[in-house]
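First up is the structure itself, then whatever we jot down about it.
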Amino acid sequence: MILISIVFLLIFFLLLKKKSVALLLVFIQLVSIGGTFFLGREIIIDTNEDLGWIFVIILFLLLIIIPWKSYFNINMIEGIDPKKLKIITRFLIIINALVFVVFLTSTITVMTLVKDINEFKYSEGVSMQFYYSSLPFPIIFFNLSILLYYFSFFMLPLHFYYLNKNKIWLALLCFIFSLNIVLYGLTFFSRAVVVQFMLLYLTSFFMLKGVMPVKIKIIFRNGLLILGGISVVYFLIISTKRFEEDKKNSKIYAKTIPVNAFTQDPTTYGYLDYMSQGYLNGYEVLQKYEGEGFNGALTVESVLALVSTPNEAYNRLKYRQKIWPSKYSYSFNGHVAYTVYDYGVFGGFIFSLFYFFVIHKMRPKNNSIKLKDLFLIMLLIQIPLMSIFYSQTGGIFIALLLWIPLSIYLKFKIKG
């Protein structure tokens, strides 16, 4: 980890002069890297191939982080045709309002009735049985909301745009419905989705704070502190509850803690492990890579899950179990490992390079950024943001598909 640490520390100090989004992304990497030194595990480099994987990790991460160095000092969001904006805003509010009602009800039901979180999350068929038998509405509404919730990612660009235009109530409404991202995760007791939304909103605020009037900026800064506090409390409650349940089940997690770790307390170690395991696991997974992968199936899994028969889904699962080391099935393994297994080393490099040029092309010009670009930027920023955990490419794939007709619509002019 020392070599990776040196590289990212060097990049951090090179970016320090300009308070760009890339600086924040590198800081997240450094926090994750720092935690690895307390886990009692090491990256062992014995061969040139091992050194090559270190180079791949550094290269792929830098390619998705460095283009964000141009995203700083933004003080204006360039709007779109007012008529189109009105149509898009109304459409997204209606869709997300319906999803909000379904997910809020689901979240309350799950939080109230589920007793054992670990069993709910990891025991095969338990959560599905719960959704089909315990939700106070037909399951079709829940399944439809899982698909439509991807529209909530487009609420954040509108949220910041309306803040820029001093339309507070519209901005607040867009923010509330962007919380569908969080509610989706809460229905599955996901801690990662809380971290995802916190990082996404914090980065967006960091990038776009210059577009807000001073009074609004102060209000939302205080609101961010409150929201962050609530999110941290939820994260701690769920984590503590899961570790307590682990203790009831013969301390399964506690037995995995290395003897030379910084702490033997499962809760304390769990927080460090949550933050930093992606680097260590990812490197170990890459060492086991032998050229056979998923040929893009991980990226499009969300779509395959919608159109596959049960038999096809079973075959995909069996193939994944064959290729992917079973030890790492339920762990964070980092962006690079998933990318290599999905596209191969060369394909992963092409993907990272393509990402680099897309982000570079949409960079702000004259301290201004386009709203139509912001819809895509809010999706793509999640890839480096979540890279210490996993590849978010598959997580935003359906949202990217929904973005395509939106971008086409924005290109045409409305007459009359």
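The values are calculated or read from the model by the stated rules, or taken from the named source; none is laboratory data. Bear in mind the structure is a predicted one, so any value in this text is a computation, not a measurement. Note that each Cβ is placed from the backbone with ideal geometry, even for glycine, and that neighbours are counted across all protein chains shown. Surface accessibility is based on the protein's heavy atoms, side chains included, excluding ligands, DNA and RNA. Shrake-Rupley method; radii C 1.70, N 1.55, O 1.52, S 1.80 Å.
Going by what's in this entry, would Ile44 be described as of a type in the set (A, V, I, L, M) and open to solvent by 80 Å² or more (accessible area, probe 1.4 Å)?
Judged against the criteria, Ile44 is a match.
In this structure, is Gly394 touching an Asp or Glu at 6+ places or on another chain (Cβ under 9 Å) and over 24 Å from Phe8 (Cβ atoms)?
For Gly394, the condition - touching an Asp or Glu at 6+ places or on another chain (Cβ under 9 Å) and over 24 Å from Phe8 (Cβ atoms) - is met.
Residue-by-condition table, conditions (1) surrounded by fewer than 19 Cβ atoms within 10 Å (Cβ to Cβ); (2) out of contact with any His (no Cβ under 9 Å at 6 or more places or on another chain); (3) modelled with pLDDT under 90; (4) of a type in the set (Phe, Trp, Tyr):
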| residue | (1), (2), (3), (4) |
| --- | --- |
| Leu3 | yes, yes, yes, no |
| Phe12 | yes, yes, no, yes |
| Leu16 | yes, yes, yes, no |
| Leu25 | no, yes, no, no |
| Leu39 | no, yes, yes, no |
| Gly52 | yes, yes, no, no |
| Phe55 | yes, yes, no, yes |
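Among the candidates Gly334, Gly347, single out the residue that is within 21 Å of the chain's Cα centre (by Cα), of a type outside the set (Ser, Thr, Tyr) and farther than 25 Å from Lys19 by Cα.
Being within 21 Å of the chain's Cα centre (by Cα), of a type outside the set (Ser, Thr, Tyr) and farther than 25 Å from Lys19 by Cα holds for just one of Gly334, Gly347, which is Gly334.
Can you name the residue in the range 273-291 that is open to solvent by 30 Å² or more (accessible area, probe 1.4 Å) and closer than 17 Å to Phe389 by Cβ and, of all such residues, is modelled with the highest pLDDT?
It comes out as Glu284.
Which one is nearest to the chain's Cα centre (by Cα), of the residues in the range 135-161 that are among the aromatic types (Phe, Trp, Tyr) and open to solvent by 10 Å² or more (accessible area, probe 1.4 Å)?
Once the filter is applied, the top-ranked residue is Tyr150.
Looking at Ser152, Ser145, Ser134, can you tell me which residue is among the hydroxyl-bearing types (Ser, Thr, Tyr) and closer than 29 Å to Met212 by Cα?
Just a single option satisfies the conditions, and that option is Ser152.
Need at least 2 residues that are among the aromatic types (Phe, Trp, Tyr) and open to solvent by 80 Å² or more (accessible area, probe 1.4 Å) per element, so show me which helices (runs of 4 or more DSSP H) inside the range 292-369 make the cut, counting only ones lying wholly within it. Reasoning before the result, please.
Values: elements: 301-307, 310-323, 334-361.
In the range 292-369, 334-361 are the helices (runs of 4 or more DSSP H) which contain 2 or more residues that are among the aromatic types (Phe, Trp, Tyr) and open to solvent by 80 Å² or more (accessible area, probe 1.4 Å).
Looking at Ser32, Ser70, Ser20, which is the one that is among the small types (Gly, Ala, Ser), open to solvent by 20 Å² or more (accessible area, probe 1.4 Å) and at pLDDT 90 or above?
Ser70
Hey, can you tell me all the residues within the range 194-215 that are open to solvent by less than 20 Å² (accessible area, probe 1.4 Å) and either under 18 Å from Asn73 (Cβ atoms) or free of Cβ contacts under 8 Å to residues at least 40 places away in the same chain (or both)?
Listed by number, the residues that qualify are Phe197, Thr203, Ser204, Phe205, Met207, Leu208, Val211, Met212.
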